[in-house]
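The values are calculated or read from the model by the stated rules, or taken from the named source; none is laboratory data. All figures in this text were calculated on a predicted structure; none of them were measured in a lab. Note that each Cβ is placed from the backbone with ideal geometry, even for glycine, and that neighbours are counted across all protein chains shown. Keep in mind that these areas ignore ligands, DNA and RNA; they rest on the heavy atoms of the full protein, side chains included. Shrake-Rupley method; radii C 1.70, N 1.55, O 1.52, S 1.80 Å.
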Amino acid sequence: MRQKYRCDGGQYLTLPTIKEWFFYLYINLLKLCNLSLFTVLHCEFQECHALSRKALITGGAGFIGSNLADELLNQGYKVRILDNLAIQVHGEEQNRPAYLSDEVELVIGDIRNPDVVYRALRGVDVVCHLAAVVGVGQSMYELCHYTSINNLGTAVLLEALIKNPIEALVVASSMSIYGEGLYSDSAGAIYTAARRTKQQLQENRWEVYNDDEEILQPIPTPENKPPDLSSVYALSKYDQEKLCLLTGQAYDIPTVALRFFNTYGPYQALSNPYTGVLAIFASRLLNNNSPIIFEDGCQMRDFIHVRDIAQACRLALEVPEAAYQSFNIGSGNKYTIRYLAEYMANVLGKTELCPEIMGKYRVGDIRHCFADISQARTVLGYEPRISLEEGMVELAQWLEGQIAHDHSAEATNELIKRGLAVG
C-alpha cells in the first residue's frame, strides 16, 4: 500500500512501495553494468525454462550420451535415457554404467520397440537421438543389423513423436556422410566428389588425384558439400539425418542434425573394436600392443572432445534459429592418424610401442576429411573449448585403472577374411 506524506506546501507526496524501490535500484544497477533489462530477463527466462525441461537421450548410456547427460544436468534439465545396453559396448553383464549420473533415469529397451519408445517419451520436452550402431568396417558385413537399428529405430522414434510432439529434436549425424572431404588443385579448382579407385589403392597410392594425376589438397569441408556415401554406416547415418529433418518439417517439430567428427574423451567403450580410433589405440596400448594403422598413417581427420560435442547438442536444443539445419561439429583442426597414435603412446608413457603401419586399406575408408565449423559458430554460438593437448591428458588420466579387452586384431582379421581389408 502506498504511503502519503504532507509536504510543507500543503500538498501530499506519494512515496514508492518497497517493491518499486527495489525495481528502481535494479534498473540503475543494470545501467551501471552496461546491461539491458531485456538481456537479463531473457537469460533468466532461458535458465528457468531449462530448469523445467525434461530431455530424453536415446542411446544415452554410451560414450557421447553420458557426457551429454552431464551437460544437460549441469544446465538444469531433467534427463531420461533410453538404451539397450548393447553387449558390444557395455559387456556381457549389461549393467548400468558406473559413470552414468545417479540423477539420470535409465529406461532399458530397444529403440525399435514402439511400446518402449512411447514409455520413454512420457513427459519429455526435447529429444537427442543418439541411438545407433557405429563402425564403418563392421557395417559392411552386418547390413541388416545396422539398417535395422539405425534406420528402422529412427522411423519408430519419429512415428512416436508425430503422436507426441515435442519442443525440439536433435539427431546425431556423422562426418562419414561426406565420404572424402573437400579438395582443391593447384589452380584453385574445387573438387566435391573426389574418390580413390580400387586400382590405385591396390598399388598403395593413398592420396586423392584428379584426372591429370595431380595430388589434390584437402581443405575444410562445409555442410554444403554433397554427400558421397562410401559405407553402409554412412548410408544409415544420412538416412537418420534426412528422416528426422523431413519429418520434423512436415509436423512442425524443430529439428537439428549435427554431423559429428571424430569424437574422443572419457567413457569410451575400450573393448569395442569398432568404436573411435583413439579408443582403439588406447585399448592396444593398455594391453602393451602397438596401435594398428591402415594405409600409411598420413590420412587426416578432425578430432573433437566429447564435452564439446555435448555443448553443441545442448545449443542445438536451445537456439531456435538452428531449426531444420545441419551443422558440422568438430574442432576445425586436422591431424594425421599416425601423429595421434604416437601422441597417445607418449601421454600413456608407452613410447616404445610404435604404430604398426599395415599398408592395407579398408573398403569404405576415406583419405582426408576435416570440418569447416563456421556455420555452427555463427548460428549455434558453438566454440570448441578443449584443445587436443588438454583432452589427451584428461583421457590418459581417465584411462588409468580402466580395463580394456583388445579385440582389434580379431576385427582386422575379420575384415581381411571377408576381403574388406586389402593390400
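Some notes on this structure:
- Which numbered condition Val170 fails, given (1) open to solvent by less than 20 Å² (accessible area, probe 1.4 Å); (2) assigned to a strand (DSSP E or B); (3) out of contact with any His (no Cβ under 8 Å at 6 or more places or on another chain): (3)
- Any hit, the range 381-399, residues being at pLDDT 95 or above, among the charged types (D, E, K, R) and either over 29 Å from Leu68 (Cα atoms) or open to solvent by less than 30 Å² (accessible area, probe 1.4 Å) (or both): no
- Residue in the range 313-336 that is without any contact (Cβ under 8 Å) to a residue 40 or more places away in the chain, among the hydroxyl-bearing types (Ser, Thr, Tyr) and open to solvent by 20 Å² or more (accessible area, probe 1.4 Å) present: yes
- When residues of the range 232-259 are limited to those that are of a type outside the set (Phe, Trp, Tyr) and part of a loop (DSSP other than H, G, I, E, B), the one least open to solvent (accessible area, probe 1.4 Å): Ile253
- Residue selected from the range 91-105 under the condition open to solvent by less than 40 Å² (accessible area, probe 1.4 Å) and within 22 Å of the chain's Cα centre (by Cα), by the criterion farthest from Ile403 (Cα to Cα): Val104
- Output for the range 288-316, where each listed residue is touching a Cys at 6+ places or on another chain (Cβ under 7 Å) and under 15 Å from Gly65 (Cβ atoms): Cys313
- Any hit, the range 406-414, residues being hydroxyl-bearing (Ser, Thr, Tyr) and open to solvent by less than 50 Å² (accessible area, probe 1.4 Å): yes
- Filtered residues of the range 147-166 (kept if part of a loop (DSSP other than H, G, I, E, B) and buried (at least 16 other Cβ atoms within 10 Å of the Cβ)): Ile166
- Residue match in the range 189-198 (condition: open to solvent by 60 Å² or more (accessible area, probe 1.4 Å) and part of a strand (DSSP E or B)): yes
- Residues of the range 113-146 that are open to solvent by 20 Å² or more (accessible area, probe 1.4 Å) and either aromatic (Phe, Trp, Tyr) or under 20 Å from the mean Cα position of the chain (by Cα) (or both): Tyr118, Leu130, Ala132, Val133, Val134, Val136, Tyr141.
- The range 265-282 residues that are under 19 Å from Pro97 (Cα atoms) and surrounded by 21 or more Cβ atoms within 10 Å (Cβ to Cβ), paired with ones that are charged (D, E, K, R) and modelled with pLDDT of 90 or more (beta carbon under 8 Å, 6 or more apart): Gly265/Arg307; Gly265/Glu394
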